[in-house]
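To start, the structure under review is shown below, and the notes come after it.
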Amino acid sequence: MDVVIITGAGGLIGSESVKFFCEKGFQVVGIDNDMRKYFFGKEGSTKWMMDELSSLFSNFRNEFVDIRDLDALAKIFKKYNTDIKLIIHTAAQPSHDWAAREPVTDFTINANGTLNLLEVTRTHCENAVFIFTSTNKVYGDTPNYLPLVELPTRWEVAETHPYYKNGIDETMTIDDSKHSIFGVSKTAADLMVQEYGKYFGLKTGVFRGGCLTGPGHSAAELHGFLAYLMKCAVTRKEYSIYGYQGKQVRDNIHSYDLVNAFYHFYQNPRKGEVYNMGGSRFSNCSLHEAIVFCEEISGNKVHYRYMESNRLGDHIWWISDVSKFKRHFPHWDFTKNLRDILAEIFTCNKTKWAA
């Protein structure tokens, strides 16, 4: 049976990938040691998701392994060898706030762990497709120097700018900016995935995500914007807004739509290709606009406090231009917009969060 390896299998994108490929009949092997519990505490743990996946799918098993452990990874890859057709690498330390607390931990997971996975792929299954979930933080704070205009509920790029129509494309420079410690570790990994494609000829794809979201998020304050905001609406917990008058804009893509994009790439892979991937103009909002949506859907008032200081390296406005991916894979498209996403997050989690 063809094997798919999924790192971070209990996380938002990892768990969506497990479901997607199990349902397509693959043998799915997860690599997840619940580091989110270490990063974000009990509420960030993915154990609940791992238990759910194990009960749902007989063709799924998880290896409780740290991606920083090269020898342990090699044993897994050697076991399945050339049966491995696809690696989806989603495991990461995902918060730029947390990264500043433990830069070494952040870098060794995000950068060294990615290198380990690339090397065991090259050694044991060089014909497999390798997909990496990167981040728009590789662009650092460069987007903040675009000509931005403050509107009543959001920041927006000037209508005369080329990015106004579709968003930010892959030609934006990743140099000479403040990335955050997290952004640097992910950039290092991003470049290495590209290089293993261009130098060694591996079939590697880099997906620079905007705001990745969905009901499978183990929402925590430091990671999981929409899911955590809806959680605060349901539980009436105070939400914190950091700077930019709460008008900072994010594009939001449902985890299913992202994993479906992975599947399209898997079917017709390229070597060392890079794609910006988010909700684009199809699905985006400011923080204030998201609060209004959450209040409408949950029926509760969102209580929040505002801090003038923004997070270092945080984007004021980000909308991904997904035109390049759509040109390469014209049969792919979005299936869930912002309201769909928030309604699904609410429906799937309201009982759990209210308990």
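Every number here is computed from the coordinates shown, using simple stated rules; none is lab data. Please read these numbers as outputs of a predicted model, since none were measured by experiment. Note that we place each Cβ from the backbone using ideal geometry, even for glycine, and neighbour counts take in every protein chain shown.
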Problem - From phi via Karplus (6.51, -1.76, 1.60), per-residue ³J(HN,Hα) for the range 169-180 in Hz, x at Gly/Pro - result: 9, 6, 7, 4, 5, 9, 9, 6, 8, 8, 8, 6
Exercise for the section: Pull up the DSSP beta bridges for the range 3-354 and report the antiparallel fraction as a percent, rounded to 5. Expected result: 15
Practice task
Work out how much length Asp66 to Lys271 would gain on full extension: take 0.36 nm times their residue separation and subtract the Cα-Cα distance, in nm to one decimal.
Solution key: 71.1 nm
Completion exercise
The correct pair for the chain, radius of gyration to one decimal and Dmax as a whole number, both in Å and from Cα atoms, is 19.2, 57
Practice task
Would you give the gap between the C-alpha center of the range 76-111 and the C-alpha center of the range 226-262, rounded to a whole Å?
Solution key: 23
Practice task
Note down the magnitude of the dipole of the chain about its Cα centre, charges +1 on Lys and Arg C-beta and -1 on Asp and Glu C-beta and zero elsewhere, to the nearest 20 debye.
Solution key: 460
Problem - Contour minus Cα-Cα distance for Lys78 and Thr347 (0.36 nm per residue) - result: 92.7 nm
Completion exercise
Residues whose modelled amide H sits under 5 Å from the amide H of Asp2, counting only those 5 or more places away in sequence or on another chain, are Gln27
Practice task
Indicate the gyration tensor shape class of the range 85-167 (rounded, prolate or oblate), computed on the Cα atoms with a ≥ b ≥ c the square roots of the eigenvalues: a/c under 1.5 is rounded; otherwise a/b larger than b/c is prolate and the rest oblate.
Solution key: oblate
Problem - For the range 115-248: rounded, prolate or oblate by the Cα gyration tensor [a/c cutoff 1.5] - result: oblate
